[in-house]
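Step one of this worksheet: look at the structure below.
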Amino acid sequence: MGISEDLQPQVLDRGYTFERILVSLDGSATAERSLSFARALSERHGSRVLLARIIGESTDESVRVARAYLVQAATDLGFHGIEARTVVRAGPVSKSLLSIAAEEGISLIAMSTHGGMTPDAQPYGDVGREILQSSSIPILAVPAHAQPGRPVERIRTILVVC
């Protein structure tokens, strides 16, 4: 019996839900593109969302600004009936996100990719590459060219990296 190449969009409805979705935000419009995907999944599966902002230097001002940004994003999700919490960490992005995911029992990491911005970059960027190589948690990598704010009715393509 071979592997079917037919699209099977109903697979997400067969019991695998994303109970806790970690969304990585860095303040850029590109990073925010993953929010609409996380919102669509959360609305469909009743998922809780954890918004994370990783900062380089932990000063009172940088933490305050990062928290205010995440609170606004969480409030926007709340308007859609989605329970969202926030976390701000200082340190290397990929390591910090993976730590948060493990601590919080995350079932999906949603992140936008900045891939292709540099000649040496993979299609999913350096942080995306590090997370894909290190995580046992499924990753939803939203490309930089995804339409911002466009409602997501269905996810058409999923890349599985083993």
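The values are calculated or read from the model by the stated rules, or taken from the named source; none is laboratory data. Since the structure is predicted, the reported quantities are computational estimates derived from the model, not experimental observations. Note that we place each Cβ from the backbone using ideal geometry, even for glycine, and neighbour counts take in every protein chain shown. Note: areas computed on protein heavy atoms with side chains; ligands, DNA, RNA excluded. Shrake-Rupley method; radii C 1.70, N 1.55, O 1.52, S 1.80 Å.
Residues in the stretch 42-57 that are out of contact with any His (no Cβ under 9 Å at 6 or more places or on another chain) and among the acidic types (Asp, Glu): how many? Let's see the steps before the verdict.
As a first pass, look at the stretch 42-57 and keep what is out of contact with any His (no Cβ under 9 Å at 6 or more places or on another chain): 44-57.
With among the acidic types (Asp, Glu) added as a condition, the list becomes 57.
Total meeting the criteria: 1.
Got at least one residue in the stretch 88-104 being modelled with pLDDT of 95 or more, surrounded by 22 or more Cβ atoms within 10 Å (Cβ to Cβ) and farther than 20 Å from residue 134 by Cα?
no
Could you please find all residues in the stretch 6-34 being closer than 21 Å to residue 78 by Cβ, modelled with pLDDT under 90 and not small (Gly, Ala, Ser)?
Scanning the stretch 6-34 gives 17, 18, 32, 33.
Filter the stretch 15-48 down to the residues that are assigned to a helix (DSSP H, G or I), within 14 Å of residue 109 (Cα to Cα) and of a type in the set (Lys, Arg) and list them by number.
Answer for the stretch 15-48, where residues must be assigned to a helix (DSSP H, G or I), within 14 Å of residue 109 (Cα to Cα) and of a type in the set (Lys, Arg): 33, 39.
Within the stretch 29-48, track down each residue that is open to solvent by 10 Å² or more (accessible area, probe 1.4 Å) and either free of Cβ contacts under 8 Å to residues at least 12 places away in the same chain or within 11 Å of residue 84 (Cα to Cα) (or both).
Answer for the stretch 29-48, where residues must be open to solvent by 10 Å² or more (accessible area, probe 1.4 Å) and either free of Cβ contacts under 8 Å to residues at least 12 places away in the same chain or within 11 Å of residue 84 (Cα to Cα) (or both): 39, 48.
Name, by its number, the condition in (1) modelled with pLDDT of 85 or more; (2) out of contact with any strand residue (DSSP E or B) (no Cβ under 7 Å at 6 or more places or on another chain) that does not hold for residue 85.
(2)
Filter the stretch 60-75 down to the residues that are without any contact (Cβ under 8 Å) to a residue 12 or more places away in the chain and either more than 13 Å from residue 26 (Cβ to Cβ) or in contact with a Phe, Trp or Tyr (Cβ under 7 Å, 6 or more places away or on another chain) (or both) and list them by number.
Across the stretch 60-75, the qualifying residues are 60, 61, 64, 68, 72, 75.
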